[in-house]
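The values are calculated or read from the model by the stated rules, or taken from the named source; none is laboratory data. Please read these numbers as outputs of a predicted model, since none were measured by experiment. Cβ coordinates were reconstructed from backbone atoms using ideal geometry, including for glycine residues, and neighbour counts include every protein chain displayed.
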Amino acid sequence: TGMNDFFLMNNSWSIMLQALRNRWLMRRCAGPVAKRRVEVDDPVEMARQLKQKAQELGAGIVGVTEMEPNDLYGDMELKYKYAICIGIPMRREEMVHVPHERSGLEVQRVYGEVARVAVELAEHIRAMGWPAHAYGDPRSTEALQIPMAVRAGLGELGKHGSMISKEYGSNFRLSAVGTDIPLSIDGPVDIGVDDLCLGCRRCTIDCPPDAILDDKQWVRGEYRWYVDFDKCVPYFSTTFGCAICIEVCPWSEPGRGPKLSQMLLAKRDKKERQAPA
């Protein structure tokens, strides 16, 4: 919440008002659970139904994973077994203006939309007699959205510290619903993100505060891409949410992701087949 407050103090009224609307919406993140429970005999079918419901509400991409203790900040208690992860794309014609009030307002608009989908999906699940909690704007929620979304198969972590999906590149925002309703889970996907990021320096070069590192680092026992948030956050918070790295990423060009993924995976496969046994 501290980062969220700092962001609000350093941006325009239009962005601030949209961010405050988003925060107001999240008052509905939790609520009473219906006493009559819909029994679930087929977790696969229930997962399909809830994904379809999320898409009817406006989700672009949806996946399911089991929640883990490390998905929550600090020593918060893990209350739910599953996370339904949701992604909604931002309008490219607005985001190409980064960093600008237009792009900042679009970021906040989509944070509001993806939070609304999570809130309404959680309400739908609670009406079925199962507990559910919506996790919205990642700057003010207690859950880490990206690790859950990676495990749910929405995409992979990119060098710039954001999710990259085949459908939208990095040009989308996340929310999630924690719940105990029995669901089948999805798994991580390999679309070739590392194959490109290892040799691409576009986001590294274009990052004004020089916060993106060229090489992976050991972070909490995992070798992964890492962004220096001590450099990133102050610039992010005073430039309408920045997002330069998201928009210059080759994956974010509309319609490019599927072809790029196919090319990268084919190139890797060919290299592996030609390698000495």
Looking for something in contact (Cβ under 8 Å) with a residue 40 or more places away in the chain, over 20 Å from residue 103 (Cα atoms), among the β-branched types (Val, Ile, Thr) and outside any helix (DSSP H, G or I) - is there at least one such residue anywhere in the stretch 191-208?
yes
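Scan the stretch 235-244 for residues that are of a type outside the set (Val, Ile, Thr), in a helix (DSSP H, G or I) and either at pLDDT 95 or above or in contact with a Pro (Cβ under 7 Å, 6 or more places away or on another chain) (or both) and jot them down.
Of everything in the stretch 235-244, just one residue is of a type outside the set (Val, Ile, Thr), in a helix (DSSP H, G or I) and either at pLDDT 95 or above or in contact with a Pro (Cβ under 7 Å, 6 or more places away or on another chain) (or both), namely 235.
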Does residue 221 satisfy being at pLDDT below 95 and within 30 Å of residue 26 (Cα to Cα)?
no
Residue pairs, Cβ under 9 Å, 6 or more apart or interchain, first in the stretch 95-124 and without any contact (Cβ under 8 Å) to a residue 40 or more places away in the chain, second basic (Lys, Arg). List them.
106/91
Go through the stretch 1-53 residue by residue and tally those that are modelled with pLDDT of 95 or more, surrounded by 15 or more Cβ atoms within 10 Å (Cβ to Cβ) and of a type in the set (Gly, Ala, Ser).
2
Pairs where the first residue, in the stretch 151-166, is under 16 Å from residue 201 (Cα atoms) and the second is among the β-branched types (Val, Ile, Thr) and assigned to a strand (DSSP E or B), C-beta under 8 Å, 6+ apart:
157/164; 158/164; 159/212; 160/212; 160/227; 161/212; 161/227
For the stretch 201-235 the number of residues that are surrounded by 18 or more Cβ atoms within 10 Å (Cβ to Cβ), closer than 23 Å to residue 257 by Cβ and in contact with a helix residue (DSSP H, G or I) (Cβ under 8 Å, 6 or more places away or on another chain) is 4
